[in-house]
Amino acid sequence: MEKKLYLSNTDKKWAGVCGGIGEYFGVDSTLIRLLWVVATIFSVGLGGLIAYLVAWAIIPPKPDGI
């Protein structure tokens, strides 16, 4: 079965981006969120925010039943 990246329907704070990435790689989404925050702080904020918005726009939502 092929793995696909989806926004998480259950593990989300805002859009489900970090939850979906955590589910895809099999890691805790809290770790993904912490890494994203650290990356955002070190990129002076704008890079991480833009990356999150782009990910939210291009990662499809998880279909029902998966």
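What follows draws every value from the coordinates through simple rules; no lab data is involved. Just so you know, these numbers come straight off a predicted model, no measurement behind them. Cβ placement follows ideal geometry from the backbone for every residue including glycine, while neighbour counts extend to all protein chains displayed.
Quick notes on this one:
- Restricting the first member to segment 1-23 and to residues that are in contact (Cβ under 8 Å) with a residue 40 or more places away in the chain, and the second to residues that are among the basic types (K, R) and part of a loop (DSSP other than H, G, I, E, B), the beta-carbon pairs closer than 6 Å and six or more apart or on different chains are Y6/K62; N9/K62.
- Of residues in segment 1-14 being of a type outside the set (D, E, K, R), touching a helix residue (DSSP H, G or I) at 6+ places or on another chain (Cβ under 9 Å) and in a loop (DSSP other than H, G, I, E, B), the one surrounded by the most Cβ atoms within 10 Å (Cβ to Cβ): S8
- Qualifying positions in segment 15-66 - farther than 18 Å from L5 by Cβ, surrounded by 15 or more Cβ atoms within 10 Å (Cβ to Cβ) and among the small types (G, A, S): G48
- Restricting segment 32-62 to residues that are part of a loop (DSSP other than H, G, I, E, B) and without any contact (Cβ under 8 Å) to a residue 24 or more places away in the chain leaves a set whose member that is farthest from I21 (Cα to Cα) is V44.
- For segment 15-31, the set of residues classified as within 9 Å of the chain's Cα centre (by Cα), among the hydrophobic types (A, V, I, L, M, F, W, C) and part of a helix (DSSP H, G or I) consists of V17, C18, I21, listed by residue number.
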